[in-house]
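Only one structure is covered here, and it is reproduced in the block below.
The values are calculated or read from the model by the stated rules, or taken from the named source; none is laboratory data. No experiment lies behind these values; they were computed from the predicted model shown. Here the Cβ is made from the backbone with ideal geometry for all residues, glycine too, and neighbour counts use every protein chain on show.
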Amino acid sequence: MNSDEQHIVRVGPAGWSYDDWKGIVYPAQMPRGTHALELLCKWFDTVEINTSFYRPPNPKYCESWLTKVESNPRFKFTAKLWQRFTHEREDWPSEEETDEFIQGIAPLHEAGKLGAVLIQFPWSFKRTAGNRQWLARVIDTFQDYPLTLEVRHASWDVPEVYEGLRERRVAFCNIDQPLFKNSIEPSERVTAPLGYVRLHGRNHNDWFREDAGRDDRYNYLYSPEELKPWIAKIKSIRERAKEIYAITNNHYRGQAVVNAFDLQEGLGKRDFILPRQLLDAYPQLRRLLHEQTTAD
């Protein structure tokens, strides 16, 4: 394995199936027989599976997704862990529930195309004795997979947490989120051979608003100036991790795709293809046009 392969950075959005991406990220009329992943894998080297948070993946779908990205040998998926393990914590999931998730992601794992399983906890998951025990059990349950942990409450920002993750070879997920009291702040920590970054946007008005929908919370477009510190952080992580994933989660109206292209350009990538309809929706992307081509 050469040096470049040892420190590869994969950039991509969280999810790919959004109605509001039609006519912006994808053509308004998708070519017959074309799947969204076939387009995304031309632009990026990863995508984070969003649906696995809501239900265990169907292994047949995972097998199909693998065929859709065959044109890009570098492409890998990451997958959110099912919320049954992170948000619905009244009782521990049954053996059947655990097996259902494991069997769902098996095609990706067996093909060597599962870059990480994201253990994403909400801000309300604070560092208490009970929550520490729950987290340890989750990690033990999925220890056979490359894991990354996302916590959003600042109570987890203590040396013991990072030391424990290093011992277990679990990556710490460095996040950008709207900052309120006791929100964990941006970082560039590396606790495993895997490095992980997630950018959620900075929509302070809707992040904790009870009646805000998913699109409201993640409706945010980073400016190039706002991304510069994150590009520097990703470069720093690249020096210390073998494989890095940088995921944009500000998905509304394709803003995650815009900022994923921004990150790629900032990290030195020059050979990507910009979709024509995205340039029309976000003409500021034209600043990235060097030798790149556009695609309908």
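The table that follows gives values for the structure above.
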quantity: Test set (1) closer than 20 Å to Trp43 by Cα; (2) out of contact with any helix residue (DSSP H, G or I) (no Cβ under 8 Å at 6 or more places or on another chain); (3) free of Cβ contacts under 8 Å to residues at least 40 places away in the same chain - Asp211 fails condition number; calculated: (1)
quantity: Whichever residue in region 189-216 is touching a strand residue (DSSP E or B) at 6+ places or on another chain (Cβ under 6 Å) and charged (D, E, K, R) and, among such residues, is nearest to Gly12 (Cα to Cα); calculated: Arg198
quantity: Unmet criterion (only one of (1) modelled with pLDDT of 95 or more; (2) surrounded by 21 or more Cβ atoms within 10 Å (Cβ to Cβ)) for Gly201; calculated: (1)
quantity: Any hit, region 167-175, residues being in contact with a Ser or Thr (Cβ under 6 Å, 6 or more places away or on another chain), within 18 Å of His87 (Cα to Cα) and not basic (Lys, Arg); calculated: yes
quantity: Output for region 189-206, where each listed residue is of a type outside the set (Lys, Arg) and assigned to a strand (DSSP E or B); calculated: Leu194, Gly195, Tyr196, Val197, Leu199
quantity: Residues satisfying the stated conditions in region 30-73, i.e. part of a strand (DSSP E or B) and touching a residue at least 60 places away in the same chain (Cβ under 8 Å); calculated: Thr46, Glu48
quantity: Selection count where residues are under 19 Å from Arg276 (Cα atoms) and either at pLDDT below 95 or assigned to a loop (DSSP other than H, G, I, E, B) (or both), scope region 1-16; calculated: 1
quantity: Region 123-136: number of residues that are closer than 22 Å to Ala192 by Cα and out of contact with any Phe, Trp or Tyr (no Cβ under 7 Å at 6 or more places or on another chain); calculated: 5
quantity: Test: residue in region 18-29 that is crowded, with 17+ Cβ neighbours inside 10 Å, over 23 Å from Tyr222 (Cα atoms) and either small (Gly, Ala, Ser) or without any contact (Cβ under 8 Å) to a residue 12 or more places away in the chain (or both); calculated: no
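Yes/no matrix, rows are residues, columns are (1) outside any helix (DSSP H, G or I); (2) at negative phi:
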residue	(1), (2)
Ile234	no, yes
Ile237	no, yes
Gly254	no, no
Phe261	no, yes
Asp271	yes, yes
Asp280	no, yes
